[in-house]
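Working notes, structure below.
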Amino acid sequence: MRMNALTQGVIKHLGFKSEVKMQPEDTIDSEITPTSISDDYQELIKECFEALGFGSTQIRLVVRSVGLNPAGLEIYAAFVKVVRWDPSVMDMLSKMPAIEKKIDRRVRQSSMLRYSAFAGLWFRSPAGVDDPSETMH
């Protein structure tokens, strides 16, 4: 596969002496699977909740883009849906400020804020549940 004239001109301008030739796509073999920034946020936040003892039977987590900040970076938010109310979930809600601080600290320690912004956690309870005590065992 040959590079187009613009790419060759840039390579020449940057001082590279030889043209880099790409292998045909069907011969490239890599075990690395690309992920999106939202997947990276989701994995990081999921690990935080798992460390606190919460799994997919109690909460469901989705991270998605919610817009752009003034600097043009994409903003991501984590949406946490309570799947099953139980005493540990009720206890978690009473400790939410501390949990949010831990997750915020982990996000700031990662490199993701160099390429995006994080809007925080948003909670939702299951549809049709007015009183959490209705679904507790």
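The values are calculated or read from the model by the stated rules, or taken from the named source; none is laboratory data. All values reported here derive from a predicted model rather than from experimental measurement. Cβ placement follows ideal geometry from the backbone for every residue including glycine, while neighbour counts extend to all protein chains displayed. When the accessible area is computed, the model is the full protein with side chains, heavy atoms only, and any ligands, DNA or RNA have been set aside. Shrake-Rupley method; radii C 1.70, N 1.55, O 1.52, S 1.80 Å.
In segment 126-137, is there at least one residue being under 23 Å from ILE37 (Cα atoms) and either at pLDDT below 85 or surrounded by fewer than 13 Cβ atoms within 10 Å (Cβ to Cβ) (or both)? Before the answer, list the steps.
Our first condition is that a residue be under 23 Å from ILE37 (Cα atoms); within segment 126-137, this holds for none.
Checked segment 126-137: no residue is under 23 Å from ILE37 (Cα atoms) and either at pLDDT below 85 or surrounded by fewer than 13 Cβ atoms within 10 Å (Cβ to Cβ) (or both).
For segment 90-110, what are the residues that are in a helix (DSSP H, G or I) and in contact (Cβ under 8 Å) with a residue 40 or more places away in the chain? Spell out how you get there, then give the answer.
Step one: list which residues in segment 90-110 are in a helix (DSSP H, G or I), which gives 90-94, 96-109.
Within segment 90-110, MET90, MET92, ILE99, LYS102, ILE103, ARG106, VAL107 meet the criteria.
Among the residues of segment 114-125, count how many are open to solvent by 20 Å² or more (accessible area, probe 1.4 Å), of a type in the set (Ser, Thr, Tyr) and either modelled with pLDDT of 85 or more or assigned to a helix (DSSP H, G or I) (or both).
Adding up the residues that qualify gives 1.
So the check is Cβ under 8 Å with 6+ separation or different chains; which pairs have a first residue in segment 56-71 that's open to solvent by 40 Å² or more (accessible area, probe 1.4 Å) and a second one that's assigned to a loop (DSSP other than H, G, I, E, B)?
SER56/VAL83; THR57/VAL83; THR57/ARG84; ARG60/VAL83
Regarding LYS102, is this residue among the charged types (D, E, K, R), open to solvent by 60 Å² or more (accessible area, probe 1.4 Å) and in contact with a helix residue (DSSP H, G or I) (Cβ under 9 Å, 6 or more places away or on another chain)?
On the way: among the charged types (D, E, K, R): yes; open to solvent by 60 Å² or more (accessible area, probe 1.4 Å): yes; in contact with a helix residue (DSSP H, G or I) (Cβ under 9 Å, 6 or more places away or on another chain): yes.
Against the criterion (among the charged types (D, E, K, R), open to solvent by 60 Å² or more (accessible area, probe 1.4 Å) and in contact with a helix residue (DSSP H, G or I) (Cβ under 9 Å, 6 or more places away or on another chain)), LYS102 qualifies.
Can you tell which of SER56, SER111 is under 17 Å from the mean Cα position of the chain (by Cα), at pLDDT below 90 and over 16 Å from ARG124 (Cα atoms)?
SER111
Condition test on GLY72, is it at positive phi, part of a loop (DSSP other than H, G, I, E, B) and at pLDDT below 85?
Numbers: at positive phi: yes; part of a loop (DSSP other than H, G, I, E, B): yes; at pLDDT below 85: no.
No, not satisfied.
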